[in-house]
Every structure is written in C-alpha cells, then in structure tokens.
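Here is the structure we will look at.
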C-alpha cells in the first residue's frame, strides 16, 4: 500500500470499530467489544509506525468536498513528521489507555460497555482527523468532533447530575473556542483566498525562501494578527488555558480512562498542536505569538497553586495537566516548538501513567477519590505505588525521568534569551511553577501511599488491579523512566531525536544549552525535589506547620480557584438567566404568546358570536331568510328605479 492509502487507513480503523460497536456491540459477546475497542486503535498505531519507519511524507487529496467557482475544499490529508509524531502519541498512548479501560469498565452492563468503547473510538478518530487534516475546514471538523465526543465521554454516567453538568460545561467552553477557530479561519480565507495549509503558508513564506534563500517572511499585518488571536481562542479553550479553563477539573466526572485520554494523549494537547502547525502564522504575528507564551506561563503557575489545596486525587492531576499544558504553550510561545512537542510526548507518558495508577487506587479503594482517606497504600499496592512514584518524579522533573529532560529544555530555551524581556518573564513563572509542582506532587504521593492507613479508609485490605489494568501502567512507567534519553538537550549534550525529527515541520531549534542554562536546570530540579521531600515533613511527620497557617487568605483563594467560577456565574450565568426571565415576563408571555393566544381567542369570540345565530328552530331560519330576501328585493327595486 502507498502512503496515501496508509494515511487514510489510520482514520478508517477507529471509524470501523465505532460503527461496529455502535450498531451491534451490545448484541455481540463482550469479548468482541474487548478486542475491537482497543484493537482498532492498535491497528492505527501499527500503520503509523509503518509511515514512521518509511519516512513517509506528502499532501494527499482524495476528493473535492465543495466546489463553487474558484472556491474549493478538498478532503486532503497532510502526512509530515509533525502529523506522524502526533499520531504516534495518540494511537500509542491512547492504545494503552483503551486497553486499560477493558478492565476498568468491566463492571458496566453490556450496552454501556459497548457504548463506552464506541465513544472512545470516535474520540480517537476525531483527534486523528484533527492532526492529519491538510486544510482549515477539516481541521475544524476534527476540532468540533473532539469536543462532541468529549461531551459524550465526560457525561458517560448520565445518571449522575454532576456528570451531566460537567459535560455541558465542557461543551459550552469548547464551543466558545470553536467560534474563535471558525472566525479565524474565515479571516484567513478572506485574506489569502485559500483553505489548504500549503496555499496559505506558501503566501506567508514562499517555498524558495525555505529551500534556497535566507529571505524573511512577509511583514506582520492587522488581519494576520486578528486571525492568529482568533485561532488562539480555540487553542486556549481546547487546552483549558486561562480564561477558558474551568471545564477541565469538572471533566473528572467521567470514568478514569476518559480522564487519562483527555488529559494525557489527546484533547488538551490539541491547542499546542494548533499553534505548532500554524507556526508560519505565529512566527509573523508577533503579538499573538507573545500572547501564547503569556497565557501558558500564567496558566502554569495559576493551576499549580490550585493543585496545592485539592484533596481529590484526580483533581490534583487535572490541575497538574493545566499547568503542564501551560509549559507547552510557554515553549511554543517563545519559538521553542520542538521543546514544546517533546514535553507533549513526555507528558503523555507520565500523565497517562499517573491517571491510570490513580484509577488502580480508586478501583482498590471502592471508588474513593479523597486522598485524606488513603494513607499507607505502599505496602498493599506496591506495583501501583512504585509506578505512581515514577510518574510523580517525572512530573516534578527529577533526573533521569522523562519530565526532567522535557521541562528543563523549555525553561532552558526561555532562559537562553536574556535580551528578550518576555522570555525572561515567562522563565520566572516557569521556575516558580516548577517549585510549586514539586510541593503539590509530594503532598499527593505522601498522603496517598506513605504513613499510616486513614481510619476513614473504605477498604481495609486493598488489592492490586488485574493484569489488564496493571500492565499498561508498568509499560508507561518504563517509558517515563527511559524516554528522556531520546533527547538530552537540557544537559547540553547527547541525542536530540525529537528536535531532528520535527525540524522539517516546525523549524530548527535555535537554543543550544550552555553552562548557565545547565546550572539553572539543576538548581530548579534540586529545589523542586527538596519541596517534594518537604511535603513529607508537613503531611506525614507533621513536624512542620502547614503553609496555610501563615497565609490563610491564600488557602481560601486557592480553594475557591481564584473565584473564576463565581465570576463567570455572576457575569454570564446570572446575567443570561435574568435576561431570559425578563424576556419571558415582558416579551415572551405578553407579546409573543399574547399574539398567538390572542389570535385564537379572537377566532373563538367570532365563532361564539356566529353561534348565536344557530338556534336550532326552523321558524327562526325562515324568518332570517325572508328578511334577507326582502332586503335584496328592496335594493334591486331602488337600483332599477334610479
């Protein structure tokens, strides 16, 4: 098979699985669902590996979807190193998550079990379409389908009101981003009269400049800045960055495999992919590009501080995801695209690991998610505990785990630009975030696995998860341990496989780690590790006073999540509710309903008046007939006489 057929096959596998499970899944033996659900994702992974090893590339048009004069929208798939990289992450890590779900969702009845894997396969297809699309229209189609399928997955347990509300909140927030995406695409089309990436990017930076001449891109313009900012709205919503972030923590109402898939390998990374794919636009639109870095840096610290006070283990990981995606935005915002995508890969490893290990804990603790009711799980869940520790140390950024190499490359890239005030400012935010990350991660691990069992623990003797749930966790633990050695740029030497692989798609990484960057790297790691260990003194030994005792106002601020939900409720929810009630009272009922009801009442009154003539007595009808005849006769005589 050629490259174009293989690229299409990547999309067709999950579609075929979803159609089969949606149509007949609940009628088939459960073993079929267990095989088909994850099997189609793994099939796409194998095809992606084939493209990877064949160094495949190309822009393949399969048919023209819309044709009207000079305007046409083809269905084309773009196969390059960036799309292959993203497909490997989506299908590789996604395959492990869907396999894990085979065991995690086992208690569900057969129809719900098949429905769950239908949604998962649709979600994977949507993400694959998003990253393989070669034009803006099908990018939007994939983008919207990701939001729709996430709505179904978050609200999977629809009998829970909290899950329904969380799904609705996620959908509304993402639709706001979709509107930004659509408007941004419209501005691009009006400006450049094209819908494909190749046609638009070719006008921004001609191919001859990339290949032969060191000529600069075209000059920035207001329309380009507007388009870039509108696209950023979509990226911010999908990746749960400030200010469109409030949906992500509530998305924890979905099953744990859903949380792992949304947070680790797919949905929240879509915004990072968008900025990276649109880098020819953002390289020119300097103000929008700077806004990407600012949004990422602020969100990284903002979310990390909220994670400090969370007691639900999945919510800690949710805010951690927001923070780590902020690092990726920071990276692509300062032009370190390959560093951002390397962190996307490493984050997929350790965050999927953490979510699935947390799922094993929740499974063992009879669905309890409050860390205060855990304690002492290390002895009873040793494999899960060690795996969670590896993921935690990777999140903190401790060498030799993968998170160290990716996160420190981002900070090093920002630190290496001393003349750039924006880069220096976002580095400060990133540095402080790294320290806070060390503390809340340590708090999470020590509270859950160390010390004595909580007297409120729901299960006295918890057991490890079954192999189908444990093996994917152990595989990810291994990847989180050795994965960083594919790129050791943070140390200033060693392989740079991600940089080299993505160079043709996002450009060459300009940063070269020097002595000062390496010193800053290790200083950050040491301080974050000390804070990780310091959490033990506070929450287990209790020899140090909690930080909240010194700054109680900060505790309240973090617990209320900086009052964003209350602010949005006051500005939007209550305002819209008031407008709706006012419209109902003063417009809908008296005017619209009044017109409709009044028309009916008028007809009824007329009918009632006419009914008075229907007496039922023959003599009355004869009298009226004779009277009418007399009147007609008089009128005729008068007319003849005149």
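Please go through (1) in a helix (DSSP H, G or I); (2) surrounded by fewer than 24 Cβ atoms within 10 Å (Cβ to Cβ); (3) in contact (Cβ under 8 Å) with a residue 12 or more places away in the chain; (4) over 24 Å from the mean Cα position of the chain (by Cα) for residue 452 and return the number of the only condition it doesn't satisfy.
(1)
Looking for whichever is over 20 Å from residue 93 (Cα atoms), surrounded by 24 or more Cβ atoms within 10 Å (Cβ to Cβ), at pLDDT 90 or above and over 12 Å from the mean Cα position of the chain (by Cα) here; the options are 292, 298. Which one fits? Walk me through it before giving the result.
Details: 298 fails: surrounded by 24 or more Cβ atoms within 10 Å (Cβ to Cβ).
Of the residues listed, the single one that is over 20 Å from residue 93 (Cα atoms), surrounded by 24 or more Cβ atoms within 10 Å (Cβ to Cβ), at pLDDT 90 or above and over 12 Å from the mean Cα position of the chain (by Cα) is 292.
Could you tell me whether segment 404-418 includes any residue that is crowded, with 17+ Cβ neighbours inside 10 Å and not in a helix (DSSP H, G or I)?
Kept after step one, since they are crowded, with 17+ Cβ neighbours inside 10 Å, are these residues of segment 404-418: 404-417.
Checking the rest, the ones that are also not in a helix (DSSP H, G or I) come to 416-417.
Yes, there is a match, as at least one residue in segment 404-418 is crowded, with 17+ Cβ neighbours inside 10 Å and not in a helix (DSSP H, G or I).
Look at residue 509 and say whether it is within 30 Å of the chain's Cα centre (by Cα) and either surrounded by fewer than 16 Cβ atoms within 10 Å (Cβ to Cβ) or at pLDDT below 90 (or both).
Yes, satisfied.
Go through 519, 482 for me and flag whichever is exposed (fewer than 14 other Cβ atoms within 10 Å of the Cβ), over 19 Å from residue 437 (Cα atoms) and modelled with pLDDT of 90 or more.
On the way: 519 fails: modelled with pLDDT of 90 or more.
The unique qualifying residue is 482.
Looking at segment 138-159, is at least one residue outside any helix (DSSP H, G or I), crowded, with 23+ Cβ neighbours inside 10 Å and touching a strand residue (DSSP E or B) at 6+ places or on another chain (Cβ under 9 Å)?
no
Could you list all residues from segment 140-153 that are touching a residue at least 24 places away in the same chain (Cβ under 8 Å) and closer than 19 Å to residue 234 by Cβ?
140, 143, 144, 146, 147, 149, 150
Does segment 439-446 include one or more residues that are closer than 27 Å to residue 414 by Cβ and surrounded by fewer than 19 Cβ atoms within 10 Å (Cβ to Cβ)?
no
Answer yes or no as to whether residue 17 is free of Cβ contacts under 8 Å to residues at least 60 places away in the same chain, part of a helix (DSSP H, G or I), in contact with a helix residue (DSSP H, G or I) (Cβ under 9 Å, 6 or more places away or on another chain) and over 21 Å from residue 272 (Cβ atoms).
Spelling it out, it is not the case that residue 17 is free of Cβ contacts under 8 Å to residues at least 60 places away in the same chain, part of a helix (DSSP H, G or I), in contact with a helix residue (DSSP H, G or I) (Cβ under 9 Å, 6 or more places away or on another chain) and over 21 Å from residue 272 (Cβ atoms).
Kindly indicate which of 77, 9, 88 is within 15 Å of residue 126 (Cα to Cα), in contact (Cβ under 8 Å) with a residue 12 or more places away in the chain and not in a helix (DSSP H, G or I).
Values: 9 fails: not in a helix (DSSP H, G or I); 88 fails: not in a helix (DSSP H, G or I).
None of the other options fit; the residue is 77.
Within segment 588-600, is even one residue within 30 Å of residue 169 (Cα to Cα), within 45 Å of the chain's Cα centre (by Cα) and part of a helix (DSSP H, G or I)?
Among the residues of segment 588-600, at least one is within 30 Å of residue 169 (Cα to Cα), within 45 Å of the chain's Cα centre (by Cα) and part of a helix (DSSP H, G or I), which makes the answer yes.
State the number of residues belonging to segment 21-42 that are surrounded by fewer than 21 Cβ atoms within 10 Å (Cβ to Cβ) and farther than 19 Å from residue 128 by Cα.
12
State whether one or more residues within segment 92-106 are surrounded by fewer than 24 Cβ atoms within 10 Å (Cβ to Cβ), free of Cβ contacts under 8 Å to residues at least 12 places away in the same chain and under 20 Å from residue 24 (Cα atoms).
Yes, because at least one residue in segment 92-106 is surrounded by fewer than 24 Cβ atoms within 10 Å (Cβ to Cβ), free of Cβ contacts under 8 Å to residues at least 12 places away in the same chain and under 20 Å from residue 24 (Cα atoms).
If you scan segment 43-66, which residues turn out to be out of contact with any strand residue (DSSP E or B) (no Cβ under 8 Å at 6 or more places or on another chain) and surrounded by fewer than 17 Cβ atoms within 10 Å (Cβ to Cβ)?
If the condition is that a residue be out of contact with any strand residue (DSSP E or B) (no Cβ under 8 Å at 6 or more places or on another chain) and surrounded by fewer than 17 Cβ atoms within 10 Å (Cβ to Cβ), then 46, 49, 50, 52, 53, 54, 55 are the ones that fit.
Listed residues 446, 427; which is modelled with pLDDT of 90 or more, part of a helix (DSSP H, G or I) and over 27 Å from the mean Cα position of the chain (by Cα)?
Going through 446, 427 in turn, the sole match is 446.
Only one residue in 166, 170, 198, 194 is more than 30 Å from residue 45 (Cβ to Cβ) and either touching a residue at least 40 places away in the same chain (Cβ under 8 Å) or crowded, with 17+ Cβ neighbours inside 10 Å (or both). Which one?
194 is the lone residue from the list that is more than 30 Å from residue 45 (Cβ to Cβ) and either touching a residue at least 40 places away in the same chain (Cβ under 8 Å) or crowded, with 17+ Cβ neighbours inside 10 Å (or both).
Can you confirm whether segment 310-317 contains a residue that is on the phi < 0 side of the Ramachandran plot and touching a strand residue (DSSP E or B) at 6+ places or on another chain (Cβ under 7 Å)?
yes
Residue under question is residue 378, and the condition is that it be surrounded by fewer than 24 Cβ atoms within 10 Å (Cβ to Cβ) and farther than 22 Å from residue 252 by Cα; does it hold?
Values: surrounded by fewer than 24 Cβ atoms within 10 Å (Cβ to Cβ): yes; farther than 22 Å from residue 252 by Cα: yes.
Yes, satisfied.
Would it be correct to say that residue 42 is without any contact (Cβ under 8 Å) to a residue 60 or more places away in the chain and not in a helix (DSSP H, G or I)?
no
The values are calculated or read from the model by the stated rules, or taken from the named source; none is laboratory data. Quantities reported herein were computed from a predicted structural model and do not represent experimental measurements. Don't worry about glycine lacking a Cβ; one is built from the backbone with ideal geometry, like all the others, and counts go over all protein chains shown.
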